[in-house]
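Got a structure for you, written out below as structure tokens; questions coming shortly.
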Amino acid sequence: MYSYTPRGVCAQKINFTISEGIVKEVSFLGGCSGNLKGISQLIEGMHVDEAIARLKGIECGPRATSCPDQLASALEVAVQKEVS
């Protein structure tokens, strides 16, 4: 299980696992509950590279980032740790 502290968004923590390159068990602490549950359901079962490609760069209002963008960052960090 990976745990990531996002920056610049309402969510306080992102938890997830990656198994054989597949994103699983995504959950957020804080943030917009319904939207984040929806995002979690949509990417669970998706290959990590596809999830990153789809979520990276999404902005939230005037913010240069968003919870989906922060999830992409969290996934990138996790992939780097698995490679190392």
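The values are calculated or read from the model by the stated rules, or taken from the named source; none is laboratory data. All of these numbers come straight from a predicted model, not from anything done at the bench. Every residue, glycine among them, receives a Cβ derived from its backbone with ideal geometry; neighbour counts consider all protein chains shown. In case anyone asks, the SASA skips ligands and DNA or RNA and just uses the protein heavy atoms, side chains included. Shrake-Rupley method; radii C 1.70, N 1.55, O 1.52, S 1.80 Å.
Rundown of residues vs (1) open to solvent by less than 50 Å² (accessible area, probe 1.4 Å); (2) over 12 Å from the mean Cα position of the chain (by Cα); (3) of a type in the set (Val, Ile, Thr), yes/no style:
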{"position": "Tyr2", "(1), (2), (3)": "no, no, no"}
{"position": "Ala11", "(1), (2), (3)": "yes, no, no"}
{"position": "Ile18", "(1), (2), (3)": "yes, no, yes"}
{"position": "Gly21", "(1), (2), (3)": "yes, yes, no"}
{"position": "Cys32", "(1), (2), (3)": "no, yes, no"}
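Residue under question is Lys81, and the condition is that it be of a type outside the set (A, V, I, L, M, F, W, C), at pLDDT below 95 and not in a loop (DSSP other than H, G, I, E, B); does it hold?
Values: of a type outside the set (A, V, I, L, M, F, W, C): yes; at pLDDT below 95: yes; not in a loop (DSSP other than H, G, I, E, B): yes.
Taking the combined requirement at face value, the residue satisfies it.
Using the structure shown, decide if Gly45 is without any contact (Cβ under 8 Å) to a residue 24 or more places away in the chain, exposed (fewer than 15 other Cβ atoms within 10 Å of the Cβ) and either in a loop (DSSP other than H, G, I, E, B) or over 12 Å from the mean Cα position of the chain (by Cα) (or both).
On the way: without any contact (Cβ under 8 Å) to a residue 24 or more places away in the chain: yes; exposed (fewer than 15 other Cβ atoms within 10 Å of the Cβ): yes; either in a loop (DSSP other than H, G, I, E, B) or over 12 Å from the mean Cα position of the chain (by Cα) (or both): yes.
Yes.
Restricting to region 48-84, name every residue that is open to solvent by 30 Å² or more (accessible area, probe 1.4 Å) and farther than 24 Å from Glu20 by Cβ.
Gly57, Ile58, Glu59, Cys60, Gly61, Pro62, Arg63, Ala64, listed by residue number.
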